[in-house]
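Read through the structure below, which is laid out as structure tokens, and then see the notes.
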Amino acid sequence: MRMIELLKRGNRSSGLSALGNVAIAIIKGIAALISGSGAMFATMIHSIADSLNQGMVFFGSALAEKKPTKRFPTGYGRVVNLFVLLAVIVVSIMAYETILNGWHIIQDPQPSSNLWLMIIVMIISIAIDGGVLLKVMKEVVHEARAEKDGNFIVESFKNIKYAQPPTRLVFYEDNVATLGGAVALIAIAVSHMTGNYVYDGIGTMIIGILLIGIAIKIGYDNTIGLIGVAAPKKIETSVAQIILNDPKVVDIQKMRILQEGGDYHVEAYLELEKGMTLADADDVKFRVAEQILDQSYIDDVFLGIIESDDKQTWTDITLEKDDK
């Protein structure tokens with residue numbers, strides 16, 4: 001039962017995309033078997049890789065929701081980065097096999113059949129991948145707390161670095177899947193129109209190269225996440241605003257925000273007005289901590305309190321404070 005509850009809290013984007021890619025892979029596999037097209041085979045491999053990756057990432061994102069324990073007091077947030085790195089290994093293997101298959105087709109091109117079947121399958125595939133991609137773009141905007149009045153497609157590209165690791169993986173993979181489907185469709189059409197099936201192999205290799213590019217990008221992002229990376233400037237500024245907007249807080253002497261998965265851990269030392277009693281200072285600390293924890297992306301907060309040293313330490317942002 002506990003596992004079922006965890007799975008319900010898994011990343012929706014990766015779960016939806018995994019199911020979509022299973023259906024696409026089955027359709028493409030049948031079409032590749034009937035037609036003998038290398039490009040169709042390459043996109044089938046791509047869809048299989050995507051479904052495996054996103055399935056693993058969905059499972060990892062669910063495990064990351066487990067509550068902290070004595071042994072793991074900061075929680076399981078980085079587990080999802082590990083699962084994404086496992087997915088990168090799968091992508092890399094599939095990319096190698098795809099490029100190798102494309103090279104064999106270029107060396108010994110073979111004609112494929114059932115042109116209209118392949119075209120229909122690729123159009124269905126692009127439509128499914130594109131539909132999932134649009135949903136993921138909206139999820140990126142939601143997770144990044146970006147401007148919702150603008151074009152969500154543009155905003156998703158601008159704010160993708162603020163999305164959770166599973167959502168970023170699905171975003172990148174579905175972009176490549178949609179683009180790869182278009183490449184395969186063009187390669188199939190050109191091969192049949194010219195009678196030169198070398199183009200089938202070229203399209204296959206392009207898809208493999210796209211897979212390598214996405215593996216490098218996702219692998220880099222998640223290696224940083226496993227090491228432990230500082231929060232983006234946008235998150236730091238948002239937390240600093242909450243702290244400095246309290247009328248009793250004079251300055252922030254030091255602050256560190258660590259990102260783990262899609263959550264953030266805040267550690268900060270606040271300078272308070274001079275002459276406050278310990279009880280009043282504690283009230284300020286608990287009030288500020290509660291306001292920070294109200295943000296859905298903050299997992300835990302540690303605040304230290306000290307008396308003001310009359311020197312302004314936090315100068316990264318300028319905020320308007322209440323005259324109190």
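Tabulated values for the structure
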| item | result |
| --- | --- |
| Span-rule helices in the chain, defined as complete DSSP H runs reaching 24 Å or more along the axis (Cα) with Kyte mean at least 0.0 | 12-35, 38-63, 79-107, 115-143, 165-194, 198-227 |
| Dipole of the chain, positive end: most advanced residue of 146, 162, 62 [Cβ charges, Cα centre] | 62 |
| Net charge contributed by nearby residues that have their C-beta within less than 12 Å of residue 300 (K/R +1, D/E -1) | -3 |
| Within the accessible area of region 198-324 (1.4 Å probe), percent carbon and sulfur | 54 percent |
| Dipole in debye (nearest 20) - the chain, about Cα centre, beta carbon charges: Lys, Arg +1; Asp, Glu -1 | 940 debye |
| Farthest toward positive dipole pole in region 1-142 [+1 Lys/Arg, -1 Asp/Glu at C-beta], among 14, 76, 26 | 76 |
| Geometric extent, Cα atoms of the chain - Rg, Dmax (angstrom) | 24.8, 86 |
| For the chain, accessible area per residue (1.4 Å probe, heavy atoms of protein chains only), Å² | 50 Å² |
| Links that overshoot a 28 Å alpha carbon limit, given the list 138/285; 67/248; 254/274; 161/254 | 138/285; 67/248 |
| Average Cα contact separation per residue, region 234-278, under 8 Å, 6 or more apart, as relative contact order % | 33 percent |
| Cα gyration tensor shape for region 37-184, rounded if a/c is under 1.5, else prolate or oblate | oblate |
| Relative contact order for the chain, counting Cα pairs under 8 Å that sit 6 or more residues apart, in percent | 18 percent |
| Size of charge dipole - region 34-148 - debye, nearest 20, with Cβ of Lys, Arg +1 and Asp, Glu -1, no other charges | 780 debye |
| Electrostatic dipole magnitude of region 259-303 [Cβ: Lys, Arg +1; Asp, Glu -1; Cα centre; debye, to 20] | 180 debye |
| 10 Å binning of all Cα-Cα separations within region 130-254, expressed as whole percents from 0 upward | 11, 28, 26, 18, 9, 4, 2, 0 |
| Trypsin sites (Lys or Arg not before Pro) lying in DSSP loop within region 119-162, provided at most 11 other Cβ fall within 10 Å | 148 |
| Inter-label distance, nm, simple model (7 Å from Cα along the C-beta direction), residue 113/residue 158 | 5.3 nm |
| Solvent exposure, largest accessible area first (probe 1.4 Å, DNA, RNA and ligands not counted), of 170, 79 | 79, 170 |
| List 294, 246, 299, ordered by accessible area with a 1.4 Å probe, largest first | 294, 299, 246 |
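The values are calculated or read from the model by the stated rules, or taken from the named source; none is laboratory data. Only a predicted model underlies this, so the values are computations on that prediction, with no experimental measurement involved. Methodologically, a virtual Cβ is constructed for each residue, glycine included, from the backbone with ideal geometry; neighbour enumeration extends over all protein chains shown. With ligands, DNA and RNA removed, areas are computed over all heavy atoms of the protein, side chains included. Shrake-Rupley method; radii C 1.70, N 1.55, O 1.52, S 1.80 Å.
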